[in-house]
Amino acid sequence: MKSKNIATVNKSVCVSCGACLDACPMSAISTPDGCYAKVNEDLCVGCGKCSRICPTGCISIIKREEQQNEEN
Amino acid sequence: MKKTKKWYDYLWIWPIVYFSLGYFNILFAWLGMIDFIVPLIIAGCGGGKAFCNRYCGRGKLFAVIPKLFKKENKKVAPGWMYSNIFRYGFLIFFLTMFGSMVYQTYLVFAGSASLKTAVKLFWTFKVPWKRAYTVTSVPAWVTQFSYGFYSLMLTSTLIGLIVMALYRPRTWCTFCPMGTMTQGICKLKK
Ligand code: SF4
Ligand code: SF4
Ligand code: SF4
């Protein structure tokens, strides 16, 4: 079952340092093109560990539905 | 599901080894070129930010120290610290200082300046480091570069440790010149 919450990255602020990658227990984050961090929605459990370590504070934990609304 | 540790999770040991070696023999400072060249090669060859994300010992050290002392600062750095103006400004400043260090090396090579056996912290404070001048048979410019480069590495690590204590552990990474350069390369390639 998918979690209620999910992490989302503010791309315009992310410096692609990788601190969130290290912190994520699910290996749900990567920096695919080296420019920004990207969350794998299928793996993320919304625990917030990434958001608490990100030095620029650019990761928010939001409700999954909100994420889907944002994408549409 | 717990993540298994990879060999590169232990790379925080590298900066400690590096600074210890340079404490006893300044010529080891040249090894720091690895941290300069490898990230650029990886980013240039399409490897993205793999250096920052996996292999950077310094980034790992800043994450490990607060964990060790169980004192992770939760405070996010002020916005200007990770703004593009500051990041690119700091990169230009850093490269200028690198250039000036190379010029100093050239002056010693050309014989118009004498070798200075001191480490300069924060581009200002001279710390006597003659004890580490143990191999005197190499050309003076090789040693001069070692002192200059070691100063640069030590200064940037000290800045990193200060912002690590004041803000979130890896705050240095928000304006680290290597991080800015590699992200810049990735953005350009896109
Ligand atoms: S920790 Fe924050 S700034 Fe660093 S890569 Fe992750 S989202 Fe980006
Ligand atoms: S919220 Fe948790 S699982 Fe999701 S990306 Fe962040 S650290 Fe990983
Ligand atoms: S931003 Fe700098 S210190 Fe941080 S991981 Fe990358 S190269 Fe290392």
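Structure values in brief
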item	result
Degrees, to the nearest 10: B:57-68 long Cα axis against longest axis of chain B	60
With Cα atoms, 0 to 90° folded angle of helix B:13-24 axis to chain B main axis	20
Region B:73-179, Cα convex hull volume normalised per residue, Å³	107
Mean projected area (nm²) of the alpha-carbon convex hull when the protein assembly as shown is viewed from all directions	15.8
Per-residue HN-Hα couplings for region B:134-140 [Karplus 6.51, -1.76, 1.60; θ = phi - 60°; Hz; x = Gly/Pro]	9, 9, 9, 7, 7, x, 4
Angle between chain B longest axis and helix B:177-189 axis [Cα atoms, degrees, rounded to 10]	60
Relative exposure of B:THR155, B:THR143, B:THR4, judged by other C-beta atoms within 10 Å (fewest first)	B:THR4, B:THR155, B:THR143
Nearest-0.05 FRET efficiency for B:THR117 and B:ASN73, computed from C-beta distance (R0 51 Å)	0.90
Nearest-20 debye value, chain B charge dipole, Cβ charges on Lys, Arg, Asp, Glu	880
Ranked list, fewest to most other Cβ atoms within 10 Å of each Cβ, for A:SER16, B:SER156	B:SER156, A:SER16
Nitroxide proxy distance, nm - points 7 Å out along Cα→Cβ at B:LEU158 and B:PHE19	1.0
Simple label model, 7 Å out from Cα along Cβ direction - B:VAL127 to A:LYS38, nm	4.3
Sorted by Cβ neighbour density within 10 Å, fewest at the top, the residues B:VAL119, B:VAL163, A:VAL45	A:VAL45, B:VAL163, B:VAL119
Nearest-0.05 FRET efficiency for A:GLU66 and B:PHE36, computed from C-beta distance (R0 35 Å)	0.25
Inter-centroid distance (Cα atoms) of region B:120-190 relative to region B:56-91, Å	15
For region A:5-71, the Rg and Dmax computed from alpha carbons only, in angstrom	10.6, 28
Cα gyration tensor of region B:19-142 - equivalent ellipsoid semi-axes, whole Å, descending	31, 19, 17
Residue mean of other protein chain beta carbons inside 10 Å, B:177-186	3
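FYI, it's all coordinate maths here, none of it is from the lab. Predicted, not measured: the structure shown is a model, and the values here were computed from it. Glycine also receives a Cβ, built like all others from the backbone with ideal geometry; neighbour counts cover every protein chain displayed.
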